[in-house]
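Presented below is the structure to which this report refers.
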Amino acid sequence: MSDRWLAVLGRPDEPTDAVEEYCQYLSEALSTHGIHLESFRVRWNQLGWSRALGELREKAAEYEANWYLIQYTALAWSKRGFPLRILGFLRTLKKSGRHCAVVFHDPAPYSGTRMADKIRASVQLYVMRRVVKQASLSVFTIPIEKVWWLLKGRSNAVYIPVGANLPNPETAWDLEHKRKGRTPTVAVYSITGGASGQIEVKQIAAAIRYVCQQMGPVRLTVFGRNPDVPEERLREELSGSQAEVLVHGLLKAEEIVEMLSASDVLLFVRGFLSSRRGSAIAGIACGLPVVAREGWETGPPITDAGVVLVPPTSPDELGPALLRVLQDGGLRASLRERSRHAQSQYFSWDAIASKYVAASRNTE
């Protein structure tokens, strides 16, 4: 009989929930190891905390999982990012006598300069440290040495990067012929909403305008979350350049693979490059070079992939980095090979599932 694991999710993200998709892909990969992973959403935002906790107790009694994988983001367990309630859910599951792992998709407290932001960050830090202390296993999606708040000597902490929420991204490796003879194409997968998105639009436009000035026409393909808001601004910023701008919005996973297979490079601007950023991993999974900014979360193994990094305070260097990749075919080929190797070794769902299995066995 196969092992039974239960992924416990909080409030879903909108319009798409990357954590839910993460659990679906992980479930498929774990099945090859004889593990059945089912997802269960704690509907506290619909039922209230008491009824949601009752549902969880019933599910725990019915399912009898060997492991519970609690998926942590601060906003999944609180409308305003004060996730104190997750401690009660963790205690409830531990009473079943089964192992509990917490997967930290948010590996650090939120930033902000207001007093409310500082209080929220303090609460999040308190919760995360308590969770690590109480859980059988703590799974971090960035390297352990980058988790600055984690107390040293925690033997129950393990690093497992996220994978691309894409079906068979390796099929893009065999579609390089689609790029031959085409206008050089830069892909941007997802732009942040709000004020951050406006900054990202300026960085994208500056980089593309620089490339156009140096080498002529370039195609910019933007898709994923929040592209509708900055589309008009992006076209305005690139007006008069030789850039062809294509904005697609949300796409099916298969269409994303198709879009990336027809691109020469992925430009990542949603903060700094990190192994918890699925949109960056998507480019690596599809065998693309990735141009991005380096930050405090950046480290191996994502730096082993085909990435070209610029200093965190120098977004103006994204353009020259893109130009080098697009103009140098040898460099591009080398970066593609590195991305393929990193996908096989670290970011494929099979590699991720194997790490979960090893971590669970070491804990037991």
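We did not get these values from a lab; they are worked out from the coordinates using the rules stated. Just so it is clear, the model here is predicted, and its values are computed rather than measured. Don't worry about glycine lacking a Cβ; one is built from the backbone with ideal geometry, like all the others, and counts go over all protein chains shown.
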- Query: Considering the zone a paramagnetic label at ARG114 would reach in this model (a point 7 Å from Cα along the Cα-to-Cβ line), which residues of the range 182-201 have amide N under 14 Å from it?
  - Reply: 195
- Task: Hey, can you grab everything whose amide H is under 5 Å from the amide H of LEU69? Only 5+ residues off in sequence or another chain; H modelled, so Pro and N-termini drop out.
- Result: LEU6, ALA7, VAL8, ALA101
- Message: What whole-number distance in Å separates the alpha-carbon centres of the range 278-306 and the range 133-205?
- Response: 7
- Helix 329-342 vs. the chain, principal-axis angle (Cα, 0 to 90°, nearest 10): 10
- Item | Extreme residue, positive dipole direction of the chain, given options LEU53, GLN327, PHE347 (C-beta unit charges) | LEU53
- Message: Taking amide H atoms as placed 1.01 Å from N in the peptide plane, list the residues 5 or more away in sequence, or in a different chain, whose amide H sits under 5 Å from that of ILE191.
- Response: ARG225
- Quarter of the Cα convex hull surface for the range 169-347, i.e. its orientation-mean projected area (nm²): 9.0
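In percent, what relative contact order does the range 1-115 have, based on Cα pairs under 8 Å that are 6 or more apart in sequence?
Details: 155 pairs, mean separation 34.3, N = 115.
Worked out over the range 1-115, it gives 30 percent.
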- Task: Quick one: which residues, 5+ away or cross-chain, put their amide H under 5 Å from the amide H of VAL307? H built at 1.01 Å from N.
- Result: VAL290
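Using only alpha carbon pairs under 8 Å that are at least six residues apart, calculate the relative contact order of the chain and give it in whole percent.
Values: 686 pairs, mean separation 54.2, N = 364.
Reported relative contact order: 15 percent.
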- Item | Subset of LYS59/LYS95; LYS79/LYS152; LYS95/LYS152 violating a 22 Å alpha-carbon distance limit | LYS79/LYS152; LYS95/LYS152
- Message: Compute the distance from the alpha-carbon center of the range 308-364 to that of the range 1-55, in whole Å.
- Response: 27
- Degrees separating the helix 49-63 axis from the principal Cα axis of the chain, which is the longest one: 80
- Using only alpha carbon pairs under 8 Å that are at least six residues apart, calculate the relative contact order of the range 169-347 and give it in whole percent. 25
- Could you state the angle between the C-alpha long axis of helix 318-327 and the longest principal axis of the C-alpha atoms of the chain, as a value from 0 to 90 degrees rounded to the nearest 10? 70
- Computed [θ] at 222 nm, helices only, for the chain once each DSSP H run of length n ≥ 4 contributes -39500 (n - 2.57): -13000 deg cm²/dmol
